[in-house]
Amino acid sequence: MSAKLAELPYREDSAALFEAIADLPWAVFLDSGAHHLGQSRYDILAAEPYLTLTTRGKLTEIRGAAENRLSPDDPFDLLRAYLRPAALPGGEAATNMGGHRAGLPFTGGAIGYFGYDLGRRLERLPAIAEDAEKLPEMAIGFYDWALVIDHLERRTVLAASGRDAATAQRWPHLLARFETPVAERFRAPFRIKAALASNMTRETYDRAFRRIQDYIRAGDCYQVNLAQRFAAPATGDAWLAYQALRIINPAPFAAYLNTPGAQILCASPERFLQVDADGRVETKPIKGTRPRAGHPRLDAALGEALQESEKDRAENVMIVDLLRNDLSKSCAPGSVRVPKLFAIESFPTVHHLVSTVVGQLAPGRDAIALLRGCFPGGSITGAPKLRAMEIIEQLEPHRRGVYCGAIGYLGFDGRMDTNIAIRTMIYSPPTGGTVRFWAGGGIVADSRVADEYQETLDKGAAMLRLLQQSAMSGVG
């Protein structure tokens, strides 16, 4: 089968389109929920991948129509092998040429998550924190088709790469699925059944903070990202909860993933790594946060104070330097630069201090090499990265799982766009119906414990609001 493209009527509310596939296996929604704020453009919807990779520990399970096996190979090498272009009938290569012609960022490839603990395949780390999630460190589906909504050009396009022969038979059904109004169906309101509980008491957090400050004074590190996890028993439909979350806190790198072990609800404001069709690289680390205020003058003052804060600027530039070094592993010499430093980006609940680092992939290097060389993102570890990760493992009671990893896509054409999986909630019905989310921040030499603790609450405000609302009346 060759590549296919079909124009459909534009729908601004991509969630209404995703409703048609939300319950299908491995349904994914990469949601540029803040496009109305001018911060994003494309939404990508897909489901029923023809192949999946799930990594647990030293083994990756490969499941597809043609093969089902366990592999000890490096997960990033496996990802590259299954993304490699394949010859198609007529000599056309499955490299999303249709996508190039249509100006689409993705018309087939890999979508999923790379959990923070996938970093254990890259670095030797102690095993101290409890693995309460018990989810794969990597869960990736390979999708032959995707529905792409372009909010700038006001277009909706159903596209297929031609990788999977079965798509040809399913094409009329796919068109009908998105062209036909979705029949209303009952979804159980999402509710938490008890109060949220943190995995750190305030005393525990203060003790961890002091330990990090001791490490900084001893010269072990310059910055460590410390996070606390909130959890509660829950019941109901996570897709309803995500629809409420995207209204409460629209974000440019949001996502909803319906994986076999959990539903993942992400409202991330942060781009991790992007690679375009010409090999241009961009990362946009966030370091520095202030809450929003209801009064416009006070709100503007909070943003200005953040931009002028010496402490936040120092914290931000540490991570910019770390990422410049990480990008240099895969980018051409002299191509890595910082076109924007200390910009303010404002979201419904917080202001963020954001910098932009760019580069150009070196000959012989690809998006996967870049991802491997930069993973996990420096903005959620600290500096130096390895020592910060060792300290995180020592001080945080539970492994992070999906949180602080990355969610996004890698196309058959070599493009990539991934987020930093912050503002992320995990709902795990298979483990008794538990919802969990995390909030953290970078601790440096002149950090104050009360400010850092409050920052975690500010960052988690949207999740807290959603779950408090669900406790009172349910969401949906």
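Things worth noting here:
- With respect to (1) under 30 Å from A139 (Cβ atoms); (2) surrounded by fewer than 24 Cβ atoms within 10 Å (Cβ to Cβ), the lone exception for L302 is condition (1).
- Selected residue (criterion: farthest from the chain's Cα centre (by Cα)) from residues of the range 202-246 that are part of a helix (DSSP H, G or I) and of a type in the set (K, R): R217
- Number of the exception - A195 against (1) in contact with a helix residue (DSSP H, G or I) (Cβ under 8 Å, 6 or more places away or on another chain); (2) within 26 Å of P384 (Cα to Cα): (2)
- Filter result for A293 (more than 24 Å from M463 (Cβ to Cβ), at pLDDT below 95 and among the aliphatic types (A, V, I, L, M)): no
- Boolean, S330 is crowded, with 21+ Cβ neighbours inside 10 Å and at pLDDT 95 or above: yes
- Single unsatisfied condition, E133 versus (1) modelled with pLDDT of 95 or more; (2) assigned to a loop (DSSP other than H, G, I, E, B); (3) crowded, with 20+ Cβ neighbours inside 10 Å; (4) not small (G, A, S): (1)
- The residue of the range 39-68 that is surrounded by the most Cβ atoms within 10 Å (Cβ to Cβ), among those that are basic (K, R) and not in a strand (DSSP E or B), is R41.
- Pair list, Cβ < 6 Å and 6+ apart or interchain, from the range 278-298 residues that are within 23 Å of G441 (Cβ to Cβ) to residues that are hydroxyl-bearing (S, T, Y) and assigned to a strand (DSSP E or B): K284/T356; P285/S355
- Looking only at the range 172-191, and only at residues there that are under 19 Å from R11 (Cα atoms), aliphatic (A, V, I, L, M) and part of a loop (DSSP other than H, G, I, E, B), the one that is modelled with the highest pLDDT: V182
- Selection of first residues in the range 195-213 that are within 15 Å of V224 (Cβ to Cβ) and touching a residue at least 60 places away in the same chain (Cβ under 8 Å) and of second residues that are in a helix (DSSP H, G or I) and not aliphatic (A, V, I, L, M), restricted to Cβ pairs under 7 Å at least 6 apart or on distinct chains, gives the following pairs, ordered by first then second residue: Y205/Y453; F209/E452.
- Among the residues listed as D321, D417, the single one being modelled with pLDDT of 95 or more and buried (at least 20 other Cβ atoms within 10 Å of the Cβ): D417
- Within the range 227-255, tally of residues that are over 17 Å from R436 (Cβ atoms), among the hydrophobic types (A, V, I, L, M, F, W, C) and in contact with a helix residue (DSSP H, G or I) (Cβ under 7 Å, 6 or more places away or on another chain): 3
- Subset of the range 317-360 [in a loop (DSSP other than H, G, I, E, B) and either among the acidic types (D, E) or within 25 Å of A254 (Cα to Cα) (or both)]: F347, P348, T349
- In the range 69-87, residue surrounded by the fewest Cβ atoms within 10 Å (Cβ to Cβ) [restricted to those that are assigned to a helix (DSSP H, G or I) and in contact with a Lys or Arg (Cβ under 8 Å, 6 or more places away or on another chain)]: F76
- Any hit, the range 235-247, residues being closer than 16 Å to A462 by Cβ and of a type in the set (V, I, T): yes
- Every residue from the range 331-377 that is within 21 Å of the chain's Cα centre (by Cα) and among the polar types (S, T, N, Q): S346, T349, S355, T356
- Taking (1) out of contact with any Gly (no Cβ under 9 Å at 6 or more places or on another chain); (2) among the aromatic types (F, W, Y); (3) buried (at least 18 other Cβ atoms within 10 Å of the Cβ) in turn, W26 satisfies each apart from (1).
- In the set (1) part of a helix (DSSP H, G or I); (2) surrounded by fewer than 24 Cβ atoms within 10 Å (Cβ to Cβ), the condition left unmet by L467 is number (2).
- Condition met for R337 (more than 21 Å from F114 (Cβ to Cβ), free of Cβ contacts under 8 Å to residues at least 60 places away in the same chain and touching a Phe, Trp or Tyr at 6+ places or on another chain (Cβ under 7 Å)): no
- Test set (1) at pLDDT below 95; (2) at negative phi - G91 fails condition number: (2)
- In the condition set (1) small (G, A, S); (2) part of a strand (DSSP E or B); (3) within 12 Å of the chain's Cα centre (by Cα), A251 is compliant with all but (2).
- Scanning the range 138-171 for residues that are surrounded by 13 or more Cβ atoms within 10 Å (Cβ to Cβ), within 28 Å of the chain's Cα centre (by Cα) and assigned to a loop (DSSP other than H, G, I, E, B) yields a total of 6.
- Looking only at the range 300-316, and only at residues there that are part of a helix (DSSP H, G or I) and either of a type in the set (S, T, Y) or touching a Phe, Trp or Tyr at 6+ places or on another chain (Cβ under 8 Å) (or both), the one that is nearest to S355 (Cα to Cα): N316
- For the range 361-388, the set of residues classified as outside any helix (DSSP H, G or I) and crowded, with 20+ Cβ neighbours inside 10 Å consists of L361, F375, P376, G377, T381, G382, A383, listed by residue number.
The values are calculated or read from the model by the stated rules, or taken from the named source; none is laboratory data. Computed from a predicted structure; not experimentally measured. With ideal geometry, Cβ positions are generated from the backbone for all residues, glycine too; neighbour counts draw on all protein chains shown.
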